[in-house]
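To start, the structure itself, in structure tokens.
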Amino acid sequence: MKKYSIIVIILFSSIFFANCSQKRDDTNKNQIHINQEIVQPIKNDTILVKLDDDIILKWDVVSDQLIENENYINISTDKNKIKTIVNSICNDEDLGIKVQTKKENLKKGDVAFLYLIRTRKIYLFSCLKVQFDVYDKNYKYAYGLLDYIEEYRLEVQNKVKACIK
């Protein structure tokens, strides 16, 4: 009788512990799934920056940079659109995006200026006559550049107009 009781207890214990370990594995799978759900939208997060009716740029929030696409390239070949972008440098509409190299949130005028640099319509030092030396390996824009634009927005716009002519 004691032998049967011990066998039943061992059998019951092994089934019980097997179910516990299986539940623990399921919990870990759910945690990974939850983490993936939280991380996934951030990786694909882009903001549309409308500078004019026919000038819409995309900003990648994760990498803090413009997204190059067909529209991005088409804009760079149109002189009237470039003039509109130059005039947009004074646009201080807050986009609600915090970037690594700026104290305040990103503004539409910042994106316009960065577009001109990225498409090589202007060259930073030759246009602004200010040297920005500190770059982070993960970031394409110099530290202090966007803060400089924030502080001297109208002056920057005028200098860019002179460079574009």
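The values are calculated or read from the model by the stated rules, or taken from the named source; none is laboratory data. Here the structure is a predicted model, which means the values were calculated and not measured. Backbone-built Cβ (ideal geometry, glycine too); neighbour counts: all protein chains shown.
A few remarks follow.
- Among the candidates A162, A142, A112, residue that is surrounded by fewer than 17 Cβ atoms within 10 Å (Cβ to Cβ) and either on the phi < 0 side of the Ramachandran plot or part of a loop (DSSP other than H, G, I, E, B) (or both): A162
- Inter-residue pairs, beta-carbon under 7 Å, first farther than 14 Å from D53 by Cβ and in segment 74-89, second of a type in the set (G, A, S) and surrounded by 12 or more Cβ atoms within 10 Å (Cβ to Cβ), 6+ apart: I89/G109; I89/A112
- N71 being surrounded by 13 or more Cβ atoms within 10 Å (Cβ to Cβ), assigned to a helix (DSSP H, G or I) and at pLDDT below 95: yes
- Some residue of segment 106-115 being within 24 Å of K161 (Cα to Cα), hydrophobic (A, V, I, L, M, F, W, C), at pLDDT below 90 and out of contact with any Cys (no Cβ under 8 Å at 6 or more places or on another chain): no
- Hey, K83 closer than 25 Å to C127 by Cβ and either modelled with pLDDT of 90 or more or part of a loop (DSSP other than H, G, I, E, B) (or both) or not: yes
To keep it simple, each residue is scored yes or no on (1) more than 23 Å from D147 (Cβ to Cβ); (2) within 15 Å of the chain's Cα centre (by Cα).
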{"position": "V49", "(1), (2)": "no, yes"}
{"position": "E68", "(1), (2)": "yes, yes"}
{"position": "I73", "(1), (2)": "yes, no"}
{"position": "T77", "(1), (2)": "yes, no"}
{"position": "N80", "(1), (2)": "yes, no"}
{"position": "V86", "(1), (2)": "no, no"}
{"position": "C90", "(1), (2)": "no, no"}
{"position": "Q100", "(1), (2)": "no, yes"}
{"position": "K108", "(1), (2)": "no, yes"}
